[in-house]
Amino acid sequence: MQATDIDDVLLKLGQIIERHRGRNNPLAFFPSVYRATTARVRAGIQGGAFADGARMNRLATVFANRYLAAFNVAETGEGGRPARAWQAAFDAAARPHTMILQHVLVGMNAHINFDLPLAVIEAAGAGGVPAIEEDFKAINRILADLLDPVQAVIDRFSPLLNILDRVGGRTDEALVTFSINNARDEAWHEATRLSTEPEGQRERSILSLDRRVTLLADRIILPDGPLGMASSLIARTESTDISAITAAMLALD
């Protein structure tokens, strides 16, 4: 399952969402937020928000195809196993008492911290990674505008979510400090670093990156101490209507 352009990305994400919704599976949450984000990126391309719209279409497609490939491997078992960071995100679906927020963040963690640097290198092509920087930053601005609406949707279905601020707001726990913008900044750093490495060294660096991102996934899904107890309590009070939750997320586009 690979997309040919950003329109096809939106189509295939919709198919994945419907498949998970039909199973009442929380794995529908991340692609729902992702589809809303991609729809806004497409609108930016159509509205001339990027210096090179065709290149951004290519980046959005290459980026999405990494998620689509991981999903396909996890679903079919063909081609071995997905990256460890993605396996951690997929495994979270079977874990009881996991918050909506955790499902969304663990997917973002794998896709931004692991997939994005590699997608940037591939999409940049012969022009090199530096040439894509300004358009990369423009996507950051689009994402920033989406953060509050996403939070508002989760709040609607998670009435005790504000407990996190009181329990973990001043800690360094990944669950309460995960930042999309910080993650994208780190992804840019990784892209520029990896793009200069020889192929053999880059392969080793990618394996190391996957391990680091997986460790962060573990901290998101299994926070320690009071934060772990609070997240379990919050999850028990959340809506279990996955269809309604994903519909609200999809409406963000």
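The values are calculated or read from the model by the stated rules, or taken from the named source; none is laboratory data. Because the structure is a prediction, the values reported are computed rather than measured. Quick reminder, even Gly has a Cβ in these numbers, built from the backbone with ideal geometry, and neighbours come from all protein chains shown. Accessible surface is based on the protein model in full, side chains and every heavy atom, while ligands, DNA and RNA are left aside. Shrake-Rupley method; radii C 1.70, N 1.55, O 1.52, S 1.80 Å.
Tell me whether region 139-155 contains one or more residues that are more than 30 Å from Glu203 (Cβ to Cβ), in contact with a Phe, Trp or Tyr (Cβ under 7 Å, 6 or more places away or on another chain) and buried (at least 21 other Cβ atoms within 10 Å of the Cβ). Within region 139-155 (the criterion being more than 30 Å from Glu203 (Cβ to Cβ), in contact with a Phe, Trp or Tyr (Cβ under 7 Å, 6 or more places away or on another chain) and buried (at least 21 other Cβ atoms within 10 Å of the Cβ)), the answer is no, since none of the residues qualifies. Within the set Asp115, Asp135, the sole residue that is closer than 15 Å to Asn57 by Cα, acidic (Asp, Glu) and open to solvent by less than 20 Å² (accessible area, probe 1.4 Å) turns out to be Asp135. The set of residues from region 194-205 being in contact (Cβ under 8 Å) with a residue 40 or more places away in the chain and either open to solvent by 40 Å² or more (accessible area, probe 1.4 Å) or not in a helix (DSSP H, G or I) (or both) comprises just one member, Ser195.
For region 39-55, a residue qualifies if it is among the basic types (Lys, Arg) and more than 19 Å from Leu13 (Cα to Cα), and exactly one does: Arg55. Look at (1) without any contact (Cβ under 8 Å) to a residue 24 or more places away in the chain; (2) acidic (Asp, Glu); (3) in a helix (DSSP H, G or I) and you find that Asp7 fails only one, number (1). Of the numbered conditions (1) on the phi > 0 side of the Ramachandran plot; (2) in contact with a helix residue (DSSP H, G or I) (Cβ under 8 Å, 6 or more places away or on another chain); (3) not aliphatic (A, V, I, L, M), Gly48 satisfies every one except a single condition; which is it? Here Gly48 clears every test but (2).
Within region 89-112, the set of residues being part of a helix (DSSP H, G or I) and open to solvent by 20 Å² or more (accessible area, probe 1.4 Å) comprises Phe90, Asp91, Ala93, Ala94, Leu101, Met108. Taking region 10-38 as the range and being among the charged types (D, E, K, R) and either surrounded by fewer than 23 Cβ atoms within 10 Å (Cβ to Cβ) or not in a helix (DSSP H, G or I) (or both) as the test, the residues that pass are Lys12, Glu18, Arg19, Arg21, Arg23.
Just one of (1) open to solvent by 50 Å² or more (accessible area, probe 1.4 Å); (2) of a type outside the set (Ser, Thr, Tyr); (3) part of a loop (DSSP other than H, G, I, E, B) fails for Pro226. It is (3).
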